[in-house]
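Note sheet for the following structure.
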Amino acid sequence: MKKLLAWALALSMVLVSTVPAMAADPVKPEPKAIPIVAVEAQDQAGIDELNAAGLDIIAIEDGYVALIMVKDFEREYFAANDIEYIVIEEDATAQVDWLGYEMEGGNFSTFAAPIPGIPGSSATGDPSLEIDVNAMFDPTDVAFDEKYGFPKRLGYRTVTEYYGEMNYLAALYPELVKMEVIGTSVEGVPIYALEICNEPGKRDGRPETFHMAGNHAREWPTNELAMNLTWYLLTQYGKNSEVTALLDSTRVWMVPMSNPDGMHYDQRNNPGSWRKNRTLNPDGTYGIDINRNWSYRWGSNNGSSSDYNSGTYRGVAPNSEPETQAVISVYKNNQIISSISGHTSGQLVIFAWAYVNNPNNAHPLLGELARKQADINLHADQNGNVMYAQSGEINDYLWGAVRALGFTYEYGTSFVPAYGGYDRYKAIAPYNDYYGNQRRIPLTYPTAQAAAGARAPATDLAAPVAFMTEPYIIGYGSTDRFATAAKVQAMGDLTGKI
């Protein structure tokens, strides 16, 4: 407990024995606060025990300190097991501005309707009561990024806005993209896959790559990045030589919205807290963790729960969920060589295996490719057990069942950061200033230019630099896995790289 107290003192936190709820509104009950707390385990076995209980662990810091998002399931577990913890964030739910598209005149526009009966929802941009899968993006007077082609945003997209943009792109670029319904969600919402290349729909034997986002509903930056990448590929074909070469030789599959029910629910209820889909479980609770539902080693060990109310509930059977089945259909019916699944957060590139603690690399090629991707993106590479073993995870399925090169990107440093602009998703470099205080700067490419433009130290950042909130200690091995300014500078100009 001394270690936990010292850790908390450094963050100016206060030890408590219960998780407080927000004060209830006398007129309209407010949703419960959803805190993030820190729990200290004595060793790896203690972390494994917390994980086996199905708690919503979001990070492991300072050795064996688990950061946990607390909902009813966690409250009950803490009470039943007399768990001591520290509240480090009173309410993890995002404070979201639903501002829409930036207009040429400096204003904004959106298609989403207000939420009836919810105070403050009269402002345009709130997620609509229902998802409109037939929505159509209107580009009239919308401002677009000149370099990457996507519409400039002033706030997170709603689920309806994603469907509107996908419909628009499929209609505008029929020679480059074919939109297919690969399945339907639990609540009957179609799941779209965009097949992007210079000859969509033709089965010509070329290699294919798959990129999906939003398996975990609360991880909105992944959907934003996938949608912007889709715009980039389509608008820059014939303009950017790298994009043109890619689409002339490779078939790219994009699924910017793989869990529409879950994300829509999360956006309308305690944004930034809902993880699962919206399956109705036998006990009346909702949701299955899609990233614990994949069939390879499903349910074989810790890291997924059989408790319906757990955030890591794995479902009644492997591949039981329609959202999982929809994605599997793409893998089974096409020649997918490589795959990326977007998640937040941690600034990591993750690869198999995940189902056992501290395994050897599944294959040297996976480790080599993860290292290269991590360096270019200023992330760190790591096996799927980055925090703890987890069964039913997608990269294990991809390598174990499909033999595809699968990677999970853990973007950013929080699930739903405050929206700071359409270009905010850049790496964050921690360094010590002249007085020894920890500082953070956004990096662009190359690092030398960023150092000058972002008021960073003119000299190289002290190695090793971990591009995440804090370096994880468990399982990382040597510190040369962390990207450094020197390493990035040696790569030369990365402008325009995908």
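Inspect all residues belonging to the range 339-361 and state whether any of them is more than 25 Å from Asp56 (Cα to Cα), part of a helix (DSSP H, G or I) and either hydroxyl-bearing (Ser, Thr, Tyr) or without any contact (Cβ under 8 Å) to a residue 24 or more places away in the chain (or both). Scanning the range 339-361 turns up no residue that is more than 25 Å from Asp56 (Cα to Cα), part of a helix (DSSP H, G or I) and either hydroxyl-bearing (Ser, Thr, Tyr) or without any contact (Cβ under 8 Å) to a residue 24 or more places away in the chain (or both).
Here's the yes/no breakdown for (1) more than 24 Å from Lys332 (Cα to Cα); (2) at pLDDT below 95; (3) in contact with a Gly (Cβ under 7 Å, 6 or more places away or on another chain):
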site: Leu172; (1), (2), (3): yes, no, no
site: Val186; (1), (2), (3): no, no, no
site: Ile196; (1), (2), (3): no, no, no
site: Gly205; (1), (2), (3): no, yes, no
site: Ala217; (1), (2), (3): yes, no, yes
site: Leu225; (1), (2), (3): yes, yes, yes
site: Tyr237; (1), (2), (3): yes, no, no
site: Asn240; (1), (2), (3): yes, yes, yes
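Selection of the range 225-262 for residues being charged (D, E, K, R) and within 26 Å of Pro322 (Cα to Cα) yields Arg251, Asp261.
Table: residues versus (1) out of contact with any helix residue (DSSP H, G or I) (no Cβ under 6 Å at 6 or more places or on another chain); (2) open to solvent by 10 Å² or more (accessible area, probe 1.4 Å); (3) not in a helix (DSSP H, G or I).
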| position | (1), (2), (3) |
| --- | --- |
| Gly188 | yes, yes, yes |
| Arg218 | no, no, yes |
| Lys239 | yes, yes, yes |
| Tyr265 | yes, yes, no |
| Gly272 | yes, no, yes |
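Within the range 322-337, does at least one residue satisfy the condition of being more than 16 Å from the chain's Cα centre (by Cα) and of a type in the set (Phe, Trp, Tyr)? Among the residues of the range 322-337, at least one is more than 16 Å from the chain's Cα centre (by Cα) and of a type in the set (Phe, Trp, Tyr), which makes the answer yes. Considering Arg297, Arg278, the condition of being open to solvent by 10 Å² or more (accessible area, probe 1.4 Å), in contact with a strand residue (DSSP E or B) (Cβ under 9 Å, 6 or more places away or on another chain), more than 19 Å from Ala193 (Cα to Cα) and of a type in the set (D, E, K, R) is satisfied by Arg278 alone. Got at least one residue in the range 290-312 being over 24 Å from Ala352 (Cβ atoms) and touching a Leu at 6+ places or on another chain (Cβ under 9 Å)? For the range 290-312, residues over 24 Å from Ala352 (Cβ atoms) and touching a Leu at 6+ places or on another chain (Cβ under 9 Å): absent.
Can you name every residue in the range 133-164 that is open to solvent by less than 30 Å² (accessible area, probe 1.4 Å) and either closer than 18 Å to Glu104 by Cβ or among the basic types (Lys, Arg) (or both)? Phe137, Val142, Ala143, Asp145, Gly149, Phe150, Pro151, Arg153, Gly155, Arg157 - these are the residues of the range 133-164 that are open to solvent by less than 30 Å² (accessible area, probe 1.4 Å) and either closer than 18 Å to Glu104 by Cβ or among the basic types (Lys, Arg) (or both). Candidates are the residues of the range 290-329 that are aromatic (Phe, Trp, Tyr) and touching a helix residue (DSSP H, G or I) at 6+ places or on another chain (Cβ under 6 Å); the one that is nearest to Val402 (Cα to Cα) is Tyr296.
The values are calculated or read from the model by the stated rules, or taken from the named source; none is laboratory data. Just so you know, these numbers come straight off a predicted model, no measurement behind them. In this analysis, Cβ positions are derived from the backbone assuming ideal geometry, glycine residues included, and neighbour counts consider all displayed protein chains. Only protein heavy atoms, including side chains, enter the accessible area calculation; ligands, DNA and RNA are left aside. Shrake-Rupley method; radii C 1.70, N 1.55, O 1.52, S 1.80 Å.
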